[in-house]
1. Can you tell me how many residues in the stretch 60-75 are assigned to a loop (DSSP other than H, G, I, E, B) and surrounded by 11 or more Cβ atoms within 10 Å (Cβ to Cβ)?
2. Working only within the stretch 76-91, note down all residues that are surrounded by 13 or more Cβ atoms within 10 Å (Cβ to Cβ) and either of a type in the set (D, E, K, R) or over 16 Å from Ala62 (Cβ atoms) (or both).
3. Looking at this structure, is Val53 among the aliphatic types (A, V, I, L, M), within 30 Å of Pro93 (Cα to Cα) and part of a helix (DSSP H, G or I)?
4. If a residue must be of a type in the set (Val, Ile, Thr), touching a residue at least 24 places away in the same chain (Cβ under 8 Å) and closer than 18 Å to Trp9 by Cα, how many such residues does the stretch 25-59 contain?
5. Evaluate the stretch 6-14: report whether one residue or more is over 30 Å from Arg106 (Cβ atoms), hydrophobic (A, V, I, L, M, F, W, C), open to solvent by 70 Å² or more (accessible area, probe 1.4 Å) and assigned to a helix (DSSP H, G or I).
6. Within the stretch 15-45, restricting attention to residues that are open to solvent by less than 90 Å² (accessible area, probe 1.4 Å) and part of a loop (DSSP other than H, G, I, E, B), which residue is nearest to Ala56 (Cα to Cα)?
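The values are calculated or read from the model by the stated rules, or taken from the named source; none is laboratory data. These numbers were taken from a predicted model, which means no experiment stands behind them. When we count neighbours, we look across all protein chains shown, and the Cβ atoms used for this are built from the backbone with ideal geometry, even at glycine. With ligands, DNA and RNA removed, areas are computed over all heavy atoms of the protein, side chains included. Shrake-Rupley method; radii C 1.70, N 1.55, O 1.52, S 1.80 Å.
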Amino acid sequence: MELLGHPVWTQDEALRDPLERSRRGDEINHHVREWMSRHDVDDIVQRAQQLGVPAAKYRTPAEIIRGEHERSRGLFAPLMLDEGIQAEILVAPFQFRCTPLQAGLRVPALGEMTAEPAE
């Protein structure tokens, strides 16, 4: 409620009951979405985190690949596909100093892993 600025609809006494909030979830979500549509995502996330509310921005795959955070951590590496196409692959979502990911791994060709095993 504090994040939203204590709008009038939040003052409804019935909303103190968790069961009633659950029943009115669609209505509540409508209000929250409407409020969020009027605010910048980064501002919402920053304010929510200041209030101790876990929040993060959902990003597209393209935003993640270009992301400053991901780039600084070295999460993506260039790879030449068999077809001669340059691509970037996720090296690992986490890194261990004692077991680095080995270079030279090959990405399977499309359909290569779908063949039925020989009996």
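1. Matching residues across the stretch 60-75 total 2.
2. Ala77, Leu79, Leu81, Val91
3. no
4. So the answer is 1.
5. Yes, the stretch 6-14 contains a residue that is over 30 Å from Arg106 (Cβ atoms), hydrophobic (A, V, I, L, M, F, W, C), open to solvent by 70 Å² or more (accessible area, probe 1.4 Å) and assigned to a helix (DSSP H, G or I).
6. For the stretch 15-45, the residue satisfying everything is Asp40.
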